[in-house]
Structure formats: structure tokens, C-alpha cells
Amino acid sequence: MSNILKVTTPTVGYDNSINNKPSPSQQAEDLSIKNPVEANKVGRADGRTESGNNDGGKGVAYDSNFGSFVQSLRDLPKLNEIMSKMIFGGMANIVESGIGKGTAADIQAFFQMLEMSPEKLNEFLKAQMAGANRLQGPLFDVLRQIMDEATTVELKAGVLDLLKKYNDMSSGKHILENIKGTLEEIEARMFRNDRDGLERLAMRLKQHSMDANAANTRLLKEQIIPYMGKYVADNRELGKLRDLVTLVAFNTARYESGNIDNVVQAFWRLMDFPTFRKHFKGMTAEGFREMLLNVDYDRAAGKNELADKLLNIMQAGVKGEAGIENREAFINVMRSMLVNESVYMPLMHVMLPVILDGVPMFSEMWVDPDEESGNPGSDERGVKLLIKFDMKDVGFFDMMLYYEKGKIDMLIHYPEELSGHESDIRDNIRKIMSRNKLELEYLGVEQNKVPIQVSAAFPKIFERRNSINVTI
Amino acid sequence: MSQYDDVMNKKAVALRYDENKDVAPVIVASGLGYMAERIVEMANENGVPVYEDNSLATVLTQLDLGTAIPEELYQAIVDIYAYFLKYNPQKIKEAEEAEAAKRAAEEAAREAENAEAEDEAAGDGTAVGIGAGTEGGAAAGKAAKEASGRTAKEASGRTAKAASGRTAKAAPGRATKAARPTVAAAKAKPAGKAAAAGKQKQK
């Protein structure tokens, strides 16, 4: 196993990472006249450009969505800072600012739930991991295996199509909520008479269920979308409203794709492939449908009381119910969480707010369960984790792990306060690993000087720059 | 990464937004978890433009991320969290108190054992001494011996010994386990108190 933990990844993602511009001192010495290369564009003598920042950083490409993602990624530690502050202080600042009774009760209940022992933390960690990705469990393990075994593009595309439909089906409630939200936004931009008409139609949308899917889709496709289309045509509304109508149409297509019949059909089509069939011997379309009907999709997606409480508090905070002064903090938390769910982030992200044996702690984890070994010519894969945690009155830690077949490489950055305990930390980490039957191949214990950046720990994030083409 | 994966990753997402009026939309992967979906709903409600990408390339990434993580890795991470707890000043204080309580409990147990031995010696002596005189004296000696033995055993021996034994077993074992110094501390505290109470009772 290579030592991938000594992170020395150059700052990738920045287009001007090779800095060959002369320094100001060199510039001062170099008095030769510089002619502009391009007659239409006059460059500055010191080589700086409008897009370059002046804080010593490199020029970031802000002109793409990936560029703005990269910029957001640089601000990620904020989530840790804000959440730690909230949890360490028991959200006292929020409660003091005259929060509503319901939210105050939510905060109280939330903090009671956060109190846990290490045994309970183990369960909580697993639950959070399960909630970070829907495609976990025996069915998806088999599908992963089929993807590895598949030799034809058709089979792979078929499996992905099934998964896409499954995703749309399991997110049906969420998609319908999004459609309703967009419809409300559209209503707010319409003239009164037409608005009333759309409101009446929208009210006919049933609450999401497997059975209601078909009726809702029909209503959206046959009445709501044409109604809005007519409004756009009649009023020549070619701006934001038309964009919102397009968004409703896009979400309607997803909602329709998530119909249980479509999922069963996609599964049944795959039974034509012998590689697929051998894994599902004896499975009928009806049996598969029954299986799908018996799943609680909210629970399977990681719904739990603690997550609900945290989300309720956040929702109140974002709306400003926890005081205007705290609103920005909540919005920052929301934005940071969105960045972690970005399509450019091929990692699982988990938050762990806990009060462990009476000590408040906030931890964040980024996990790549399918990381390449890093050895040239090796096909081995392992699990790579970046763990950041802040423990009240102890300090902030960074931890990187790479696990492969029972062997582990590890790097720990400890806070300055523990600088006299390095050998104790080493000994105890070794003991912990051997107790858990893990072979520690490499252990680096260093004082935390600069936090490890997520992008530095997982350079594959930047591979996406070349593979995802986003046009805006 | 296979060639197929590479092809799958090349996808195009077309979005439209007015850069003068709007902030750039966040493109999130669809079909993540419950929390992610609620956050997206929250963002939509608050005017943050979010586009959920459900292309096959994203689904492929999600499938890879669903790979199971070994159980022992979870436990090791939790053990590491718990180990660093011991550097919390509150925990250091608790650990010191637990250590002091443990020492007190051991001391109490030792004293109780000594007292028991002394009582036994004293009880035998009385019985022999009185028994040598009268029958009533012999009975009284026997009763005294039983009583003193019971007191020593019940009052100090049982309480202090059991308590200190529990502490001795729990505290160092758990302390080295690093995961539960507080549990040890919590247990050692009442144990110490019990030992002290036993000592008092014995006196």
C-alpha cells in the first residue's frame, strides 16, 4: 500500500496552478519594456488580471459551475466552525434571542438526543452512513456485482436505468414537494384570475403514494402544464416564469419515471440477460413489485428523529425564526451541506453532532468506500476517510484513514494543547487498532497546523472538472 | 475506472440562469439521503436555486458510494473519539477522582480485612477465656464471636470488598480500553462512597 496520507497534492482545480508570473520584486528589477501581445487587450505590467484575487491565491475559474463549486469548497470548514459553536454553547444564543416555543422545545429535545455513550455513537454513526446513500443493502450489492461482471454496455446501461427509476420512485415524495413549491412560485408571478385557476388545479394534486403517482402525473401532464403553457403564450411570459414551467416539466418527467410499474418493467427487461438472471433465480415481476411495496422509503433513506429535529431547527433558523442575527449562520450551514451533496463531490458526507459521555463534539466525515489503492498497476480498492472533529475543551482534530483488506494507514493531526502527549496517542491508537483486529501499517501523529482540505485529501474531486460538462 | 465508466462520466447538464440577478445554481446529485433531500427543499423555499441531477453518470457514482464499509472500521473510529475524550479537563478531573476513590476503596477493603482478622482473633480469645469459666460464659463467647464476625463481614467486608472489587475490575480495564473512562469514573464514585460508608458502619 502506498503512503497516500502524506498529502502533497498540488492545488488542482485552479487553472493557473503553474505560477510563472514574476514576483513584484523581480518585476521591479526587470525594467525592460513589455509590449502587449494582443492589441485589443492591454495586459497589466505586473501580470495581474481582473479575475485574479489579490490574497496571494491562484486565479480560480469562476466562469463555470465547477469554478463556483471549487470556491464553495474552499469555504467548507465554516460548517464545522458554525456547528461546533452551536453545539458547544447548547444553542444558547438562539434560545436567548426569543425563539418560538416549538423550536425551543425542538432544541431541548435535540440536545437530549445528542447525549450518547460510545456504544450508542457506533449505532448513530452507522445510521448516519446509511442515510447518506440510498443504494445500500443486499439488492444493491448484487447490482454492484452484476455491474462488475457485465461484459456488455447494454446490461450496464440497463442496470443504471433500473437504479435511476428506483431513485426517482424512492424520491417521489420529495419530487412532488419540489413541484408544489415551484407551482407556488409560479402562482406568485401570475395575474390574479389565472393564479386562482392554477391554485385550484394544484390543490387537486394528491399526497404522494405509490397509488397516487399515476393520478398526479396525469393531472400534471394533461392539465397543469398545458394551463401554464397557455398562460406563457397568451402573456408572452418568456422570462423567469417560463423557466419555472420548464422546471415543473422536468420534475414531472422524473415523477412519472418513478412510477412503480416503470421500475418493475426495467427490472423485468434485465431478466433477459443471463448474467442478471442467474442472480435473481425464481424472482417474478410480481415478487419484485411486492418487495418494493414493502419498503419504507423515508426510513431507508435515513429518516430518523434526530435528523428531523436538526432539520426543523435549521428550517426555523433559515427562516429567521431564531433571530435575524443567527439567520446567516443557518444559511451558511445549509449552503455548506448543499456543497457536500454536489454532483461534483463523489464522496459520502456525514455529520455527527453528539454529546459523548457529557462532552459536546461535532464531527464531519467524508468517505470514499471505493478508493483506488494508489499503487501503480494495482487494481485493489479500499475505503478512504477524512474525519474532522472538534471536541469541547480538547481541540480540533484531523484524521485521514485508508483501509484495505484489514490493513490501515492513518494520519492524525492533534491540537496544540496535546503536544506533550504524542507518544501516549501513538500507543493508544495502536492498542485501539489491534483490539479491533486492524493491522496498522502506517501511523502519522502530528500537531495540527493547517487543516487538511477535502480537495487535497480526495484529488479525484478535481477529475470531475474534465468529465462533467456543465453549460449555463 | 473502466472505459465504460469513463464514457458514462462524460455528461452534459444544461442550466439557465441570469448571472446578473441570480446566484449560480447548486447542482446536487439526486437520490442521496433523506437529509439531503430536505436540505434541497429548504434551499428551494429560501430562493437558493438547486438543480438535482439524475443522469446515469450520477447514478453510477451513487452506486459506487453505496459499497459496504467494514464493521471494524466503525468501531475503531468510535474508539478513537472516545479515547480523545480523556483529554477533556472535566474527564481528567473525573479520572483523578475515580483514581482517588479506587485507592480509598482498596484502603477500606484492606482495613476491613485486617479488622476481620483482628476480630476473629479477639473472638476466639474471648470464647476460650470465658468458656474456660462457665457454660453461660461459653454461650456468650460464641454469640460475641458470631456477632463480631458478621459485623466485620457484612458491614465492612461485603460492602467495601464488593465495591472495591468492582472498581478494581472496572476502572483499570475500562481505562485501558480508553473507550469508557467516564463509565469507570461514574462507577468508581458510588463504589468509593459505599466503601467509606462501610468503614463508618464498621467503626
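For every residue, the table says whether it meets (1) surrounded by fewer than 19 Cβ atoms within 10 Å (Cβ to Cβ); (2) out of contact with any Leu (no Cβ under 8 Å at 6 or more places or on another chain); (3) farther than 30 Å from A:Val159 by Cα; (4) at pLDDT below 90.
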site: A:Asn216; (1), (2), (3), (4): no, no, no, no
site: A:Gly229; (1), (2), (3), (4): yes, yes, yes, no
site: A:Gln265; (1), (2), (3), (4): yes, yes, no, no
site: A:Trp268; (1), (2), (3), (4): yes, yes, no, no
site: A:Met271; (1), (2), (3), (4): yes, yes, no, no
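Going residue by residue through the range A:139-152, is there one that turns out to be within 14 Å of another protein chain (Cβ to nearest Cβ) and among the aromatic types (Phe, Trp, Tyr)? Yes, some residue in the range A:139-152 is within 14 Å of another protein chain (Cβ to nearest Cβ) and among the aromatic types (Phe, Trp, Tyr).
Residues in the range A:198-211 that are without any contact (Cβ under 8 Å) to a residue 60 or more places away in the chain and touching a helix residue (DSSP H, G or I) at 6+ places or on another chain (Cβ under 7 Å): A:Leu198, A:Glu199, A:Leu201, A:Ala202, A:Arg204, A:Leu205, A:Lys206, A:His208. In the range A:163-182, the residues that are at the interface with another protein chain (Cβ under 7 Å from one of its Cβ atoms) form Cβ pairs under 6 Å with partners that are in a helix (DSSP H, G or I) and among the β-branched types (Val, Ile, Thr), at six or more places apart or across chains, as follows: A:Leu163/B:Val59; A:Lys164/B:Val59.
Residues are listed down the side, and each one gets a yes or a no for (1) in a helix (DSSP H, G or I); (2) touching a residue at least 24 places away in the same chain (Cβ under 8 Å); (3) over 20 Å from A:Gly172 (Cα atoms):
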| position | (1), (2), (3) |
| --- | --- |
| A:Thr275 | yes, yes, yes |
| A:Lys278 | yes, no, yes |
| A:Met283 | no, no, yes |
| A:Gly287 | yes, no, yes |
| A:Glu290 | yes, no, no |
| A:Asp298 | yes, yes, no |
| A:Ala307 | yes, yes, no |
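The number of residues in the range A:311-341 that are assigned to a helix (DSSP H, G or I) and more than 8 Å from chain B (Cβ to nearest Cβ) comes to 15. Within the range B:62-88, residues that are at the interface with chain A (Cβ under 7 Å from one of its Cβ atoms) and surrounded by fewer than 20 Cβ atoms within 10 Å (Cβ to Cβ) sit with their Cβ atoms under 6 Å from residues that are part of a helix (DSSP H, G or I) and of a type in the set (A, V, I, L, M, F, W, C), at 6+ positions apart or across chains, in these pairs: B:Tyr74/A:Leu125.
Among the residues of the range A:342-355, is there at least one that is more than 10 Å from every other protein chain (Cβ to nearest Cβ) and at pLDDT 90 or above?
Narrowing the range A:342-355 to residues more than 10 Å from every other protein chain (Cβ to nearest Cβ): A:353, A:355.
Still in the list and also at pLDDT 90 or above: A:353, A:355.
For the range A:342-355, residues more than 10 Å from every other protein chain (Cβ to nearest Cβ) and at pLDDT 90 or above: present.
For the range A:228-240, filtering for residues that are in a helix (DSSP H, G or I) and within 13 Å of another protein chain (Cβ to nearest Cβ) leaves 1.
Set side by side, the residues A:Arg195, A:Arg189 differ, and just one is without any contact (Cβ under 8 Å) to a residue 40 or more places away in the chain, surrounded by fewer than 24 Cβ atoms within 10 Å (Cβ to Cβ) and more than 8 Å from chain B (Cβ to nearest Cβ), which is A:Arg195. Total residues in the range A:430-443 satisfying the condition of being at the interface with chain B (Cβ under 7 Å from one of its Cβ atoms) and either crowded, with 18+ Cβ neighbours inside 10 Å or assigned to a strand (DSSP E or B) (or both): the figure is 4.
The values are calculated or read from the model by the stated rules, or taken from the named source; none is laboratory data. Predicted model, so just to flag it, every value in this text is computed and none were measured. FYI the Cβ positions are ideal-geometry reconstructions off the backbone, even for glycines, and counts take in every protein chain you see.
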